[in-house]
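A quick write-up on the structure given underneath.
The values are calculated or read from the model by the stated rules, or taken from the named source; none is laboratory data. The shown structure was predicted, so the numbers you read here are calculated from the model rather than taken from an experiment. Positions of Cβ are backbone-derived with ideal geometry, glycine not excepted, and every protein chain shown enters the neighbour counts. These area figures cover heavy atoms from the full protein model, side chains too; ligands, DNA and RNA do not enter into them. Shrake-Rupley method; radii C 1.70, N 1.55, O 1.52, S 1.80 Å.
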Amino acid sequence: LASKSGRGAGPARRPVAVVSEHFVSTYDVKFRRPPELPEARTQEVNYTMLSYQYAGGRVAKEVLVAAVKRMVSHIGDALSKGGDVDIDFGVGRLFGRERQAAFLFEPSFIPPGSDLRSSHDGNPFVKARKGVATASRPGTSMSSRPGTAASAA
């Protein structure tokens, strides 16, 4: 995530989400990488740090590794089967349909004046029908949406 509010020195940068090439090839999913995006540095996940940050160190590293792998596998399986996917990650939502994936950030992560779509615009793969709103509704959760990756897990 490379976002800057635009306050202070320098131009505001836009947030970018990128799916790994390994994930794309493993699950045969299409994810459009912005053409102007240079190669980004990556960093291995520090599961020990995650354990202390989110669970006070009470969850073993091996448990976190297994949980993350299982979640990624379930998401990949749902996308590869062509099903509808809508997962809220807090900073944005991952959408999927017909083996295509897109990530839209929450409006607070998008610089003012940007033409980027936000997660509040709804699923980019669903064509809006005349008179029908497609934006997300506050208070909805993945578990209540039939056919989504979370309800299928």
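In table form, for the structure just shown:
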| read-out | value |
| --- | --- |
| Boolean, M49 is open to solvent by 70 Å² or more (accessible area, probe 1.4 Å) and under 13 Å from the mean Cα position of the chain (by Cα) | no |
| The listed residue being at pLDDT 65 or above, open to solvent by 50 Å² or more (accessible area, probe 1.4 Å) and out of contact with any Ser or Thr (no Cβ under 7 Å at 6 or more places or on another chain), out of R33, R7 | R33 |
| Condition check for G83: modelled with pLDDT under 90, out of contact with any Cys (no Cβ under 7 Å at 6 or more places or on another chain), open to solvent by 50 Å² or more (accessible area, probe 1.4 Å) and outside any helix (DSSP H, G or I) | no |
| Of all residues in the stretch 95-109 being of a type outside the set (G, A, S) and either in a helix (DSSP H, G or I) or in contact (Cβ under 8 Å) with a residue 40 or more places away in the chain (or both), the one that is least open to solvent (accessible area, probe 1.4 Å) | F105 |
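Residue-by-condition table, conditions (1) in the same structural domain as S108 (by the TED database); (2) in contact with an Asp or Glu (Cβ under 9 Å, 6 or more places away or on another chain); (3) among the aliphatic types (A, V, I, L, M); (4) open to solvent by 60 Å² or more (accessible area, probe 1.4 Å):
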position: A60; (1), (2), (3), (4): no, no, yes, no
position: K69; (1), (2), (3), (4): no, no, no, yes
position: H74; (1), (2), (3), (4): no, no, no, yes
position: R93; (1), (2), (3), (4): yes, yes, no, no
